[in-house]
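Trainee: Before we start, here is the structure in question, set down as structure tokens.
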Amino acid sequence: MIRTSPVIARLDQGESAYGLLNSVPSPLLCEMIALAGYHFVILDMEHLLRSGDELMHCLRACESAGISPWLRVPEVDAKLIGRALDAGAEAIVLPRVESAEEVARAVEAAFFPPLGRRGITGGRVTGFGRLPLPQYIELANRARPIVPMIESAAGLRALPEILRLPGIGMVLEGALDLALDLQLGPDATHPRVWEALQEMASHCTAAGIPFCANPRTAEQHQHWQARGIRSYLAGEDRGLLNSALKARLASLQIAH
């Protein structure tokens with residue numbers, strides 16, 4: 001059933017929150033990420049083809065293991081956003097956001113009238129009727145389920161206006177795509193990208209909205225901590241798994 005986001009609650013209470021992007025579709029892996037101590041996992045649909053059944057199993061695995069399931073959708077699709085929230089996704093991550101109008105459409109899709117245009121259902125998020133619909137609508141309309149990703153110069157320019165919209169729970173950075181958009185190649189640590197990330201964080205701090213950093217180096221992590229940033233994306237499970245597998249093999253080959 002719908003609940004206050006534990007991730008947002010942690011941040012509101014001055015605690016830190018750590019998440020991971022899930023690019024290896026697997027309910028078992030979702031459980032492993034949860035038991036490793038992460039607070040939220042972003043199930044990716046932007047770069048992956050995922051079936052409805054697989055996604056539902058991942059949502060249930062997250063719920064069972066106690067980690068918040070967020071969903072990165074490929075675009076602002078009102079029907080998909082509504083179905084994802086109905087299925088139990090706690091937040092909707094919007095990639096490559098470039099305008100406040102785009103985010104406003106996602107907010108409208110996530111909220112019920114009079115705040116939005118989302119349709120009502122009495123399914124699993126209400127406990128199949130255990131939670132009365134008026135109470136469910138009230139709780140849902142108090143949530144902050146929209147998480148824009150800023151991955152371009154246009155998105156950065158639009159960020160101050162985006163942050164004035166209701167329902168924004170967090171802002172994620174996409175340094176690699178931002179570097180590509182700035183014609184810098186796939187260089188997420190380029191000084192111009194780093195400068196843009198500082199601007200993003202400053203806009204978020206001024207608006208009172210959490211900024212989620214994705215540190216690429218230990219020095220970046222130390223910088224964000226010194227700035228008071230408390231939400232972090234630890235990267236992508238696929239890359240971390242690949243690195244761990246290669247490192248293990250290398251260690252065995254050296255020993256031999």
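The values are calculated or read from the model by the stated rules, or taken from the named source; none is laboratory data. Given the structure is predicted, the values throughout are model-derived calculations rather than measurements. Cβ placement follows ideal geometry from the backbone for every residue including glycine, while neighbour counts extend to all protein chains displayed. Calculation scope for accessible area: heavy atoms of the full protein, side chains included, ligands and nucleic acids excluded. Shrake-Rupley method; radii C 1.70, N 1.55, O 1.52, S 1.80 Å.
Trainee: To the nearest 20 debye, what is the magnitude of the charge dipole of the range 161-237 about its Cα centre, counting +1 on the Cβ of each Lys and Arg and -1 on the Cβ of each Asp and Glu? Before the final figure, lay out each step's value.
Mentor: Working: 5 positive and 10 negative charges, 68 e Å.
For the range 161-237, the charge dipole is close to 320 debye.
Trainee: Checking understanding here: applying a Kyte-Doolittle mean of at least 0.0 and a length along the axis of at least 18 Å (C-alpha), which whole DSSP H helices in the chain pass?
Mentor: Span-like helices here: 237-255.
Trainee: Between GLU63, GLU173, GLU54, which gets the highest mean-square fluctuation from a Gaussian network model of the chain, Cα cutoff 10 Å?
Mentor: The residue that fluctuates most here is GLU54.
Trainee: Given H placed 1.01 Å from N in the peptide plane, which residues other than close sequence neighbours of SER68 have an amide H under 5 Å from its amide H?
Mentor: Close amide H contacts, sequence-distant or interchain: PHE40, VAL41.
Trainee: Could I ask something else about it? For GLU54 and THR189, calculate 0.36 nm times their separation in residues minus their Cα-Cα distance, and state this gained length in nm to one decimal. Numbers along the way, then the final one.
Mentor: Details: separation 135, 0.36 × 135 = 48.60 nm, distance 3.45 nm.
Result: 45.1 nm gained on full extension.
Trainee: Compute, for the chain, the length of the dipole vector about the Cα centre, with Cβ point charges of +1 (Lys, Arg) and -1 (Asp, Glu) only. Units Debye, rounded to 20.
Mentor: Working: 24 positive and 28 negative charges, 120 e Å.
Computed charge dipole of the chain: roughly 580 debye.
Trainee: Anyone know which of ALA104, ALA175, ALA36 comes out most mobile in the 10 Å Cα GNM of the chain?
Mentor: Top of the fluctuation ranking is ALA36.
Trainee: Could you work out how much longer the chain between GLU199 and ALA250 gets when fully extended? Use 0.36 nm per residue separation minus the Cα distance between them, nm to one decimal.
Mentor: 14.4 nm is the gain from fully extending GLU199 to ALA250.
Trainee: Which percent of the accessible heavy-atom area of the range 136-184 goes to carbon and sulfur, probe 1.4 angstrom?
Mentor: The computed percentage sits at 53.
Trainee: Moving on to the next point. Sorted from largest down, what three extents in whole angstroms do the Cα atoms of the range 34-76 have along their principal axes?
Mentor: 28, 18, 15
Trainee: Of SER23, VAL97, TRP194, which is farthest along the charge dipole of the chain in the positive direction, counting Lys and Arg as +1 and Asp and Glu as -1 at C-beta?
Mentor: SER23
Trainee: While we're here: With a 1.4 Å probe and every protein chain left in place, work out the accessible area per residue of the range 70-163 in Å², rounded to a whole number.
Mentor: It amounts to 43 Å² per residue over the range 70-163.
Trainee: For the range 1-75, with only Lys/Arg (+1) and Asp/Glu (-1) charged at the beta-carbon, what is the dipole magnitude about the Cα centre, in debye rounded to 20?
Mentor: Roughly 120 debye, rounded to the nearest 20.
Trainee: Next up: What is the percent carbon and sulfur in the accessible area of the range 9-79, measuring with a 1.4 Å probe over the protein chains and ignoring ligands? All intermediate terms of the calculation are to be shown ahead of the outcome.
Mentor: Values: 1810 of 3310 Å².
Roughly 55 percent, rounded to a whole number.
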